[in-house]
1. Where in segment 164-191 does the label zone of Val81 land, with the point 7 angstrom along Cα→C-beta and an amide N cut-off under 18 Å?
2. If you take the beta carbon distance between Asp194 and Lys115 as r and set R0 to 45 Å, what does 1/(1 + (r/R0)^6) give as a FRET efficiency, to the nearest 0.05?
3. Quick one: of Lys269/Lys433; Lys249/Lys272; Lys122/Lys142, which pairs are farther than 22 Å apart, Cα to Cα?
4. I need the shape label for the chain. Rule: rounded when a/c is under 1.5, else prolate if a/b > b/c, else oblate, with a, b, c from the alpha carbon gyration tensor.
5. Could you compute the net charge surrounding Ala23? Neighbours are other residues with a C-beta less than 15 Å from the C-beta of Ala23; K and R count +1, D and E count -1.
6. For segment 160-209, what relative contact order do you get, as a whole percent, if you take Cα pairs closer than 8 Å and at least 6 residues apart?
7. Local charge sum around Leu13 (other residues, Cβ-Cβ under 14 Å, Lys/Arg +1, Asp/Glu -1)?
8. Between Glu371 and Lys106, what length in nm is gained on full extension when 0.36 nm per residue of separation is reduced by their alpha carbon distance?
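Derivation of every value follows stated rules applied to the coordinates shown; laboratory data play no part. Predicted, not measured: the structure shown is a model, and the values here were computed from it. Cβ: placed from backbone, ideal geometry, glycine included. Neighbour counts: every protein chain shown.
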Amino acid sequence: MSNRARLEVLLALINLSAEQAMALYEQVDGTVPSIDSTEFHPLDEALDQVELKAAIRTLEGTCTQLCTTLAPPGHTAINLVQVYDYSCVRLAVRENIINILMDYPKGLHVNELSKEINVEPKKLSRIMRLLATRGCYSEVAKDVFASTRLSLVLHSENPVRHMVNLHAEPASKGGALIYENLKEPQTAYFYHPDHCPVMDANNKEGITGAFFDWMRQRDSTRESYHRLIQRLSIIMGSSAVLTQFPIDKYSTVVDVGGGIGAFSLPFAKMHKHVKITVYDLPKPLTQARMTQVWARDCPEAVQENRVEFSELYFFTQAPVPGQDIYYLRNIIHDWPDEESLVIPQNVRKAMGINSRPPPPYDYVVRQLNREQAALEASKFGATMAPEPMLPNFGVGNMRMYQQDVSMFMHNARERMLPEFLELSDAAGLKLEKIWDLSEACVLEYIAA
């Protein structure tokens, strides 16, 4: 295939995936969103976004591959590093700019906005203009800015804001120390979470332990973290497991490391025949009770005793034995290999004859080698992009590689499929199927 022919195939894929995305929006309410829309589209809040995320994965991957191919290399290289969006978003989140703009549907002049947040107006206008160029706010007249659908997720009541803040604050500080961590003799060859970039950058108090230990000493940070986990289901698409995975034939589920119930709460709403046990450390469980998340959002599960909260330290304790499903969502990636092995081993001890072993929900880092990607696709059902796209969908799957670097900053990791297989073999489990939810995956195991 000639170079031009490859680019023409990419153009066709761009058109096809965009048409698919528009059709999915229209199926919901007959409309497609616009960049300056001031309301969420109903599909934005849908539990199952697998088809939409698949279309966007192809669209983002093909668009970026086409631009990288046709643009001069220097143009692309500078675009990779001259990125200060997170600094601008940090200001927007800290100062609750969207909360202010919501009271001005026709927009607010930057001079007035500057008075509200005590930031010099000319400097503020430059930050607002960068964000508006990204579709986060719109400049409806010179120096007059209004809210947009994208900016709505930064509202103080939107859980996505807490994920944004995590990356704009402690994660970005840790990212600045990656090179030093790789070169310093005392950190370069070690994987202990005490001495990782994010802790070196943020742990000014000298707290012993990992990022979770540091966070436990900071009430506002801990509460923010558990709120972001609520929305992570939509961001990553993990909530689609509620409709994609065959739950109906099971009656008991254990949510290991379930926090305040980001997975279990919508699960309880959809599958009322299932008894759920949520395991975590005391503070997250206290937060679930004290904020009355369940009493407010799913009171019937509490009243009918369909949910139980129990303390568990999963490195030393096994959960309640003999349950049907043991579920781990974004748990394994938080830890180095040694600790990550202990968690499924302890769950394996609890399994009964008819139990389904722990199906972790995590990123499975995709292969860039097409031959290896094809092998994983044929054997386990992993999805591979069509040629001439990169087999891993390129930038369409970029978040998993960014997330892997994010976990690197904690001396933890996202894993490729062979690495998951090594863990499962050592834990006495056998991978049966990969449920590709168009971003992260559910890995379904059987007892080995």
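1. It comes to 175-183, nothing else.
2. So the FRET efficiency works out to roughly 0.50.
3. Lys269/Lys433
4. It comes out rounded by the Cα gyration axes.
5. Working: positive: Lys53; negative: Glu19, Glu26, Asp29, Glu51.
Combined, the nearby Lys, Arg, Asp and Glu give -3.
6. Numbers: 30 pairs, mean separation 20.0, N = 50.
Relative contact order here is 40 percent.
7. -2
8. Taking 0.36 nm per residue and subtracting the Cα distance, the gain is 90.0 nm.
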